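Trainee: The structure is given below, and queries will be raised subsequently.
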Amino acid sequence: MLTNGGNDARFDNKIQTCVMEGCPSEASMKADIDNAVAETRTVLEQIHALAPNATISLMG
(Lines give C-alpha, C1' and ligand atoms only; values in the text may rest on other atoms or scores of the structure.)
Protein backbone atom coordinates (compact mmCIF):
# COMPACT_ATOMS: atom_id res chain seq x y z
CA MET A 1 0.00 0.00 0.00
CA LEU A 2 1.24 3.47 -0.84
CA THR A 3 0.10 6.78 0.53
CA ASN A 4 0.59 10.24 -0.84
CA GLY A 5 -0.06 13.26 1.31
CA GLY A 6 1.18 16.54 2.65
CA ASN A 7 4.53 15.18 3.76
CA ASP A 8 5.26 14.17 0.15
CA ALA A 9 4.75 17.78 -0.91
CA ARG A 10 6.88 18.91 2.06
CA PHE A 11 3.99 20.78 3.68
CA ASP A 12 5.55 20.32 7.12
CA ASN A 13 8.52 22.43 6.08
CA LYS A 14 6.26 24.95 4.37
CA ILE A 15 4.15 25.41 7.51
CA GLN A 16 7.22 25.85 9.68
CA THR A 17 8.65 28.40 7.23
CA CYS A 18 5.29 30.19 7.12
CA VAL A 19 5.26 30.57 10.91
CA MET A 20 8.90 31.61 11.23
CA GLU A 21 9.61 33.61 8.08
CA GLY A 22 6.44 34.15 6.09
CA CYS A 23 4.43 31.95 3.79
CA PRO A 24 5.95 30.61 0.56
CA SER A 25 4.55 31.63 -2.78
CA GLU A 26 1.65 29.81 -4.38
CA ALA A 27 3.98 28.87 -7.26
CA SER A 28 6.37 27.22 -4.80
CA MET A 29 3.53 25.24 -3.23
CA LYS A 30 2.24 24.15 -6.64
CA ALA A 31 5.74 23.08 -7.71
CA ASP A 32 6.10 20.88 -4.61
CA ILE A 33 2.69 19.28 -5.23
CA ASP A 34 3.52 18.68 -8.90
CA ASN A 35 6.84 17.11 -7.88
CA ALA A 36 5.14 14.79 -5.38
CA VAL A 37 2.69 13.68 -8.08
CA ALA A 38 5.54 13.02 -10.53
CA GLU A 39 7.48 11.02 -7.93
CA THR A 40 4.39 8.96 -7.13
CA ARG A 41 3.82 8.27 -10.81
CA THR A 42 7.43 7.10 -11.17
CA VAL A 43 7.12 4.74 -8.20
CA LEU A 44 3.87 3.27 -9.56
CA GLU A 45 5.46 2.73 -12.98
CA GLN A 46 8.46 1.00 -11.37
CA ILE A 47 6.21 -1.28 -9.33
CA HIS A 48 4.18 -2.14 -12.41
CA ALA A 49 7.34 -2.94 -14.37
CA LEU A 50 8.59 -5.29 -11.66
CA ALA A 51 5.22 -6.80 -10.75
CA PRO A 52 2.77 -6.30 -13.63
CA ASN A 53 0.06 -8.42 -11.97
CA ALA A 54 0.27 -6.69 -8.60
CA THR A 55 -2.71 -4.91 -7.16
CA ILE A 56 -1.70 -1.43 -6.10
CA SER A 57 -3.73 0.49 -3.53
CA LEU A 58 -2.83 4.17 -3.62
CA MET A 59 -4.32 6.21 -0.81
CA GLY A 60 -4.07 9.92 -0.31
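Trainee: Quick one: length gained pulling PHE11 to ALA54 fully straight, 0.36 nm per residue minus the C-alpha distance?
Mentor: On the way: separation 43, 0.36 × 43 = 15.48 nm, distance 3.03 nm.
That works out to 12.4 nm of additional length.
Trainee: What do you get for the angle between helix 11-20 and the principal long axis of the chain? Use alpha-carbon atoms, 0 to 90 degrees, nearest ten.
Mentor: Once rounded, the angle reads 10 degrees.
Trainee: Work out how much length THR3 to CYS23 would gain on full extension: take 0.36 nm times their residue separation and subtract the Cα-Cα distance, in nm to one decimal.
Mentor: Details: separation 20, 0.36 × 20 = 7.20 nm, distance 2.58 nm.
Here the answer is 4.6 nm.
Trainee: If you compute volume of the Cα convex hull per residue in Å³ for the structure shown, which of (i) 50; (ii) 65; (iii) 88 do you land on?
Mentor: Recomputing volume of the Cα convex hull per residue in Å³ here picks out (ii).
Trainee: Related question: Could you report the chain's accessible area per residue, 1.4 Å probe, as an integer in Å²? All intermediate terms of the calculation are to be shown ahead of the outcome.
Mentor: Values: 4670 Å² over 60 residues.
Counting only protein heavy atoms, the per-residue value for the chain is 78 Å².
Trainee: Sticking with this structure for a sec: So, with +1 on the Cβ of K and R and -1 on the Cβ of D and E, and no other charges, what is the size of the charge dipole of the chain about its Cα centre, to the nearest 20 debye? Could the numbers behind the result be given before it?
Mentor: On the way: 4 positive and 8 negative charges, 21 e Å.
With only Lys, Arg, Asp and Glu charged at Cβ, the dipole is about 100 debye.
Trainee: So which GluC sites (Glu not before Pro) in the stretch 5-60 end up in coil per DSSP with only 12 or fewer other C-beta atoms within 10 Å? Walk me through the intermediate numbers first.
Mentor: Working: sites: GLU21, GLU26, GLU39, GLU45; in loops: GLU21.
For GluC sites (Glu not before Pro) across the stretch 5-60 that sit outside H, G, I, E and B with at most 12 neighbouring Cβ atoms in 10 Å, the list reads GLU21.
Trainee: Given ALA51, ILE15, ILE33, which one lies farthest toward the positive end of the charge dipole of the chain, if we put +1 on the Cβ of every Lys and Arg and -1 on the Cβ of every Asp and Glu?
Mentor: Positive-end residue among those listed: ALA51.
The values are calculated or read from the model by the stated rules, or taken from the named source; none is laboratory data. Because the structure is a prediction, the values reported are computed rather than measured. Methodologically, a virtual Cβ is constructed for each residue, glycine included, from the backbone with ideal geometry; neighbour enumeration extends over all protein chains shown. The accessibility values were calculated without ligands, DNA or RNA, using every heavy atom of the protein model including side chains. Shrake-Rupley method; radii C 1.70, N 1.55, O 1.52, S 1.80 Å.
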